[in-house]
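Asks: Got a structure here, written out as structure tokens. Questions coming.
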């Protein structure tokens, strides 16, 4: 329950920051555009975050015929935890690592790298997978994805503000690209006489 509250809080905070920055940058229109972007980002983080993360790592899904031991471990742990069987992925990387992703236990996936499977023995891999399934059960995967989306949104807003500061206005009539000083915040400047 607490994790669901944190997820809703992150989504609301993301939307609020985006709308506030949109208003600062573009007034009412900027606020509406930022609200649209925030809604799209929230929607994408909720529905497609697991696919994006797995694609980023070039993970490939494996079935019981391709990785029987790994698949059997995940199935046993999922049965013990009383959750649906998550999808199982292998990441083509020699660095030992594992992660879980997905918005809920019904829509979850666990991924391990080839390096992890080469370095650890059966019991150690099972312990790592149990840890990752703990994240799935507690819905930590969704919260971390929303937090990453929030960090990406802050980075995007910072980039937008940088361009506003650089090209936010000019007092030089001969050179419209010359930066004015002070340039930020631009919204408080009085309008020039007509």
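Nothing in this text is a laboratory measurement; each read-out follows from the coordinates by a stated rule. What you see is a predicted model; the values in this text were computed from it and never measured. In this analysis, Cβ positions are derived from the backbone assuming ideal geometry, glycine residues included, and neighbour counts consider all displayed protein chains.
Asks: For segment 68-126, just say rounded, prolate or oblate: build the C-alpha gyration tensor, square-root its eigenvalues into a ≥ b ≥ c, call rounded for a/c under 1.5, and beyond that prolate if a/b exceeds b/c, oblate if not.
Replies: Judged from the Cα gyration tensor, segment 68-126 comes out oblate (a/c at least 1.5, b/c at or above a/b).
Asks: I've got another one for you. What's the ranking of 54-63, 15-24 by average number of surrounding C-beta atoms within 10 Å, highest first?
Replies: Top to bottom by mean Cβ count within 10 Å: 15-24, 54-63.
Asks: Quick one: if you stick a label point 7 Å off each Cα along the C-beta vector at residue 80 and residue 97, how many nm between them?
Replies: According to this spin-label approximation, the distance is 2.6 nm.
Asks: Just to verify a number: FRET efficiency for residue 159 and residue 32, C-beta to C-beta distance, R0 = 25 Å, to 0.05?
Replies: For residue 159 and residue 32, the calculated efficiency is 0.80.
Asks: For segment 2-152, what is the per residue volume of the convex hull drawn over the alpha-carbon atoms, in cubic angstrom?
Replies: It comes to 103 Å³ per residue, whole-number rounded.
Asks: Label residue 151 and residue 66 with points 7 Å out from Cα along Cα→Cβ: what is the distance between them in nm?
Replies: Taking the simple label geometry, residue 151 and residue 66 are separated by 2.8 nm.
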